[in-house]
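Just below is one structure, and these are the notes that go with it.
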Amino acid sequence: MKLVDLHTHSTASDGTYSPTELVKLAKEKGLCAIAITDHDTTRGLEESIEAGRKFGIEVICGCELSVEFPQGQMHIIGLWLPLPPRKLEKELKYLREKRHSRNRKIIEKLNLLGIDISYEDVLREVETGATVGRPHIARALVKKGAASSLQEAFDKFIGPKGLAYVPKEKFSPEKALGILKREGATTILAHPFSLNLSEGELRDQLRRLISLGLDGMEVYYSEHDREHTELYLEICRDMGLLISGGSDFHGSVKPHIELGRGQGNLQIPYDLVEEMKRYRRERGLHVNS
């Protein structure tokens with residue numbers, strides 16, 4: 001069976017593999033296709049396409065957008081973005097500016113806690129071309145000896161319950177889906193379990209998102225158990241949604257997540273990509289990256 005991974009992250013956002021290294025790893029893992037879906041950036045896509053040609057891997061250009069949602073975290077993935085995605089990049093530039101402001105606020109809070117850390121310390125942890133974010137702050141905290149591990153840095157300081165946490169600026173669902181649809185992307189609700197909704201609440205939320213342009217939902221995911229997976233399959237079939245799947249691979253930031261395999265529970269068939277391509281062709285959308 002041909003296998004894929006439609007949710008991965010590189011050093012362009014908060015992963016630890018460069019786009020080239022990520023595509024090479026996909027080849028080594030026996031995958032035939034991979035989607036690069038970095039958080040709120042498309043900076044690694046051109047490199048990943050070149051790597052796909054080099055290693056003989058189909059690369060799908062994507063992005064994962066953070067979306068406002070009071071009950072939990074909502075992320076929308078866009079697949080088959082054009083290069084360059086000018087409309088999306090214009091909006092992402094605004095988010096990057098807000099992220100820099102957020103990073104500085106986190107540093108200020110850490111300083112008030114008595115931790116001697118500067119923005120320059122954080123920048124030394126950032127790979128060329130990457131978007132500066134909390135994983136880089138976490139690495140700096142470990143180097144400073146303020147935390148013994150990246151996990152402790154998040155738990156104690158910069159995660160949602162941390163002492164120096166600052167919320168991230170996000171798009172509304174309307175804006176995120178609107179931008180992605182204008183770029184001709186196929187839109188996927190990522191890891192629905194993280195919304196912390198009952199089945200009825202999820203179906204209500206999906207009806208709203210479908211009216212805004214949602215095409216599908218991530219059914220196969222590292223944190224989804226068998227019960228979740230079966231429920232989300234049923235919902236997709238009932239509501240006419242495309243079925244997607246991915247590991248949410250980040251490299252050493254999430255060492256328990258393996259590319260293409262998640263926590264050992266994933267085998268995502270290429271059939272899902274073929275169905276998405278059929279869906280796109282019917283709508284006059286391109287299917288090649």
- Kirkwood hydrodynamic radius of the stretch 185-289, Cα pairs, Å: 14.5 Å
- How big is the stretch 92-158 by Rg and Dmax over its Cα atoms, in Å? 11.4, 34
- Take the alpha carbon atoms of the stretch 207-276, find their center, do the same for the stretch 14-76, and report the distance between the two centers in whole angstrom. 15 Å
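By how many nm would the segment from residue 112 to residue 86 lengthen if fully extended, with 0.36 nm per residue of separation less the alpha-carbon distance? Present the calculation step by step, with values, prior to reporting the outcome.
Details: separation 26, 0.36 × 26 = 9.36 nm, distance 3.96 nm.
That works out to 5.4 nm of additional length.
Taking only DSSP H segments of four or more residues, each worth -39500 (n - 2.57), what value at 222 nm results for the chain once the sum is divided by all its residues, to the nearest 500 deg cm²/dmol? Display every interim value, and only then the final one.
Details: 10 runs with 118 residues, N = 289.
When only DSSP H runs of four or more count, the value is -12500 deg cm²/dmol.
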- Zone reached by a paramagnetic label modelled 7 Å from residue 119 Cα along Cα→Cβ, restricted to the stretch 159-186 with backbone N below 18 Å, covers 165-169
- Task: List every residue whose amide H lies under 5 Å from the amide H of residue 258, counting only residues 5 or more places away in sequence or on a different chain, with H placed 1.01 Å from N in the peptide plane.
- Result: 263, 264
- Item | the chain: radius of gyration and largest Cα-Cα distance (Dmax), Å | 18.5, 59
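Applying 1/(1 + (r/R0)^6) with R0 = 25 Å to the Cβ-Cβ distance of residue 267 and residue 196, what FRET efficiency is obtained, to the nearest 0.05? Write out the running numbers ahead of the final one.
Values: r = 27 Å, r/R0 = 1.06.
Working from the Cβ atoms, E equals 0.40.
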- Give me Rg over Rh for the stretch 109-210, both radii from the alpha carbons and Rh done the Kirkwood way, two decimal places. 1.10
- Stick to Cα atoms and the Kirkwood definition of Rh, then tell me Rg/Rh for the stretch 22-118. 1.10
- Item | Lysine pairs within the stretch 1-142, Cα separation less than 25 Å, 8 or more sequence positions apart or different chains | 13
- Note on the structure: Per GNM of the chain with C-alpha springs under 10 angstrom, the most fluctuating residue out of 279, 17, 221 is 279
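For 220, 119, what's the fewest-to-most ordering of other Cβ within 10 Å of each Cβ? Mind showing how you got there, number by number?
Values: 220 25, 119 16.
Ranking 220, 119 by Cβ neighbours within 10 Å, fewest first, gives 119, 220.
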- Task: Name the residue farthest towards the positive end of the dipole of the stretch 92-158 from the options 149, 103, 92, assuming +1 on Cβ of Lys and Arg, -1 on Cβ of Asp and Glu, about the Cα centre.
- Result: 92
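Taking only C-alpha pairs under 8 Å that are 6+ residues apart, what is the relative contact order of the chain in percent?
On the way: 555 pairs, mean separation 65.3, N = 289.
Here the relative contact order equals 23 percent.
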- Query: Taking the simple approach of a point 7 Å from Cα along Cα-to-Cβ for both residue 32 and residue 181, what is their distance in nm?
  - Reply: 3.2 nm
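A short reminder: the numbers here are calculations on the coordinates, not readings from a lab. The model shown is predicted, which means the values in this text are computed figures rather than measured ones. So basically every Cβ, Gly included, is an ideal-geometry build from the backbone, and we count neighbours across all protein chains shown.
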